[in-house]
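Before any comments, here is the structure.
The values are calculated or read from the model by the stated rules, or taken from the named source; none is laboratory data. These figures come from a predicted structure and were not determined experimentally. Reconstructed Cβ throughout: ideal geometry from the backbone, glycine too, with neighbour counts over all protein chains shown. Heavy atoms of the whole protein, side chains included, go into the accessibility calculation; ligands, DNA and RNA do not. Shrake-Rupley method; radii C 1.70, N 1.55, O 1.52, S 1.80 Å.
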Amino acid sequence: MVGDDPKIVIVGGGFGGLWAASALANKPVSVTLIDRKNHHVFQPLLYQVATSVLSPGEIAQPLRRILNDAKNVDVLLGEVTDFDKENSAVKLEDGSKVEYDYLIVAAGARHSYFGHNDWETSAPGLKTLEDAVEMRRRILLAFELAERQAYLEGEHRPLNFVVVGGGPTGVELAGAIADIARQALAKDFKKIDTRKTKVILFEGSDRVLGTFTPDLTDSAKKQLEDLGVEVRLNSFVTDIAPGKVKVGEDWIECDVVLWATGVAASPLGTRLVAETDKAGRVFVEPDLSLKDHKNIFVIGDMASIRQEDGTPVPGVSPAAMQMGTATAKNILAEIKGKPRTKFKYVDKGSMATIGRSKAIADVFGMKLTGFVAWMFWLFLHVFFLIGFRNRFAVIFEWFWAYLTRERSARLITGDAAELRNALLFLEGEEAVKILDERSERNKAGRSAT
Ligand SMILES: Cc1cc2nc3c(=O)[nH]c(=O)nc-3n(C[C@H](O)[C@H](O)[C@H](O)COP(=O)(O)OP(=O)(O)OC[C@H]3O[C@@H](n4cnc5c(N)ncnc54)[C@H](O)[C@@H]3O)c2cc1C
């Protein structure tokens, strides 16, 4: 801590919190950034970890390292569980308290299961590195189990993947799974034909990527179908059980279900005892502060605020970054006795990738599709990775995957007990019996030698 400088506590080192901390670096304030993880994750590339293109370390960086030049910023590993607004302090999981003069809450959002949290075990969502590694494990394991069944029994049941939600994450996941099944994995498996893998994308509305214009979403649907994805629009998933999903009245069997829809803001919003919208986002004033507590700001995916034209500021990384920088500027201005300014979101366009050489983009007034849009997407993501020590590795991995269609990060982690559980989940009791018998035989063989 530096003398009597105003104390600023930032909760969350994602796009909003990290950008706020960077804008406050080496300024006459004392900053404490608290996050329950020790790293910042570049979430737009999580699906690349889930589908084996990149390794977790290539899209994440320790917060401490990113901020090591910021002499006035302390980084604390800890889970914020509550706020003591009367005494201007945040509470950590062990009951300890950190005091503030200004508080910036940027704890983000997760996917929502619309009241069916029990579906999460069967249909994981994608938000953290752990989620991405779990998805990768399930995807790769499904192919391994099919190969094993074909080896042991001479045939295997069809491989089906289901992705729920046709937003950017669902589209990216469905496209990437179809792509690896048809290209990267095809020559590695000897007993199964991975190219026959079925990938079904269920979307409740009548369009995928519904925030884009109809011509671009039509193109996205066609690009997905070209990759072999079956796109089912106007299809709501109404129930999920191990190995199957219910759509309308029909149960559809599948090996892996991935959840890519719904938004639920961090539950910390309710701990602030502030008014929230249906997704739990906190209603904030035009300067992103709370109505009754002008020294508390809520930013990024946790904030509910409208633009001048009445449309909501979207839950995307540029909005979170802009909110982080704007809040830091307002605090610094106020300390100097100057007035705060209203937050104004600058929309620089949007893009979504669908697969190798496939994307749509609405940038600089231009509507782009296919390879050109994909190049835009690729260069923009490389640009934003700048500052990450491993950006060269990422560029190399992409280039390699592009040229060879190879996926290098294809490790399944976990031990035999986990594999047994996965088998039970995907293949049922019979397959587990085969595994157990074989393992007993192996043990007997080892002890005989
Ligand atoms: C799979 C995926 C793909 C995406 N793709 C894109 C894209 O292509 N383009 C785009 O613009 N946006 C994309 N987004 C959205 C974008 O990532 C978010 O809008 C952005 O991360 C929001 O920033 P934030 O700071 O509000 O929250 P986050 O970046 O989520 O950061 C929240 C931080 O708070 C920490 N935290 C949470 N709770 C606590 C607690 N109780 N105590 C301590 N720390 C806590 C978390 O560990 C995390 O570090 C994507 C999101 C996901 C999940």
Phi-derived 3J(HN,Hα) across region 345-357 with the Karplus relation (6.51, -1.76, 1.60, θ = phi - 60°), rounded Hz, x for Gly and Pro, is 7, 9, 8, 9, x, 9, 8, 9, 9, 10, x, 4, 6
Say R0 is 35 Å: what FRET efficiency, to the nearest 0.05, do Trp400 and Lys336 get from their beta-carbon distance?
0.10
Let me have the 222 nm mean residue ellipticity of the chain computed from DSSP H runs of 4+ only, each contributing -39500 (n - 2.57), with the sum over all residues rounded to the nearest 500.
-11000 deg cm²/dmol
Nearest 10, in degrees from 0 to 90: the angle of helix 429-448 to the longest Cα principal axis of the chain is 80 degrees
Antiparallel DSSP bridges in the chain: what percent, to the nearest 5?
50 percent
Modelled label reach - Val273, point 7 Å along Cα→Cβ, region 78-92 residues with backbone N closer than 11 Å
83-87
Excluding ligands, DNA and RNA, the carbon-plus-sulfur percentage of the accessible area of the chain with a 1.4 Å probe reads 53 percent
Would you please name the GluC sites (Glu not before Pro) within region 29-103 that are DSSP coil residues with at most 11 other C-beta atoms within 10 Å of their C-beta?
Glu86, Glu93
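Once you have the Kirkwood Rh of the chain from its Cα pairs, apply Stokes-Einstein at 20 °C and 1.002 mPa s and quote D in µm²/s. It would help to have the intermediate numbers written out before the result.
Details: Rh = 23.6 Å.
It comes out at roughly 91 µm²/s.
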In degrees, nearest 10, the alpha-carbon axis of helix 168-182 is tilted away from the dominant principal axis of the alpha carbons of the chain by 30 degrees
When the chain is treated as a Gaussian network with springs between alpha carbons less than 10 Å apart, the largest mean-square fluctuation among Ile34, Ile66, Ile139 is found at Ile66
So if I take the centroid of the Cα atoms in region 3-29 and the same for region 290-318, what is the distance between those two points in Å?
18 Å
Linear extension gain, Ser205 paired with Asn38, 0.36 nm per residue minus alpha-carbon span
56.4 nm
Set the Förster radius R0 to 45 Å, insert the Cβ-Cβ distance between Asn87 and Glu120 as r into 1/(1 + (r/R0)^6), and round the FRET efficiency to 0.05.
0.80
Show me the trypsin sites (Lys or Arg not before Pro) within region 239-290 that DSSP assigns to loop and that have at most 14 other Cβ atoms within 10 Å of their Cβ.
Lys278
Using a Cα-Cα cut-off of under 17 Å, which lysines could be cross-linked to Lys336, ignoring same-chain neighbours fewer than 8 residues away?
Lys7, Lys27, Lys294
Going residue by residue through region 369-374, the Karplus relation 6.51 cos²θ - 1.76 cosθ + 1.60 with θ = phi - 60° gives ³J(HN,Hα) values, rounded to whole Hz and with x marking Gly or Pro, of 9, x, 4, 4, 4, 5
For Leu258, the residues 5 or more places away or on another chain with a placed amide H closer than 5 Å to its own amide H are Val162, Val163, Val164
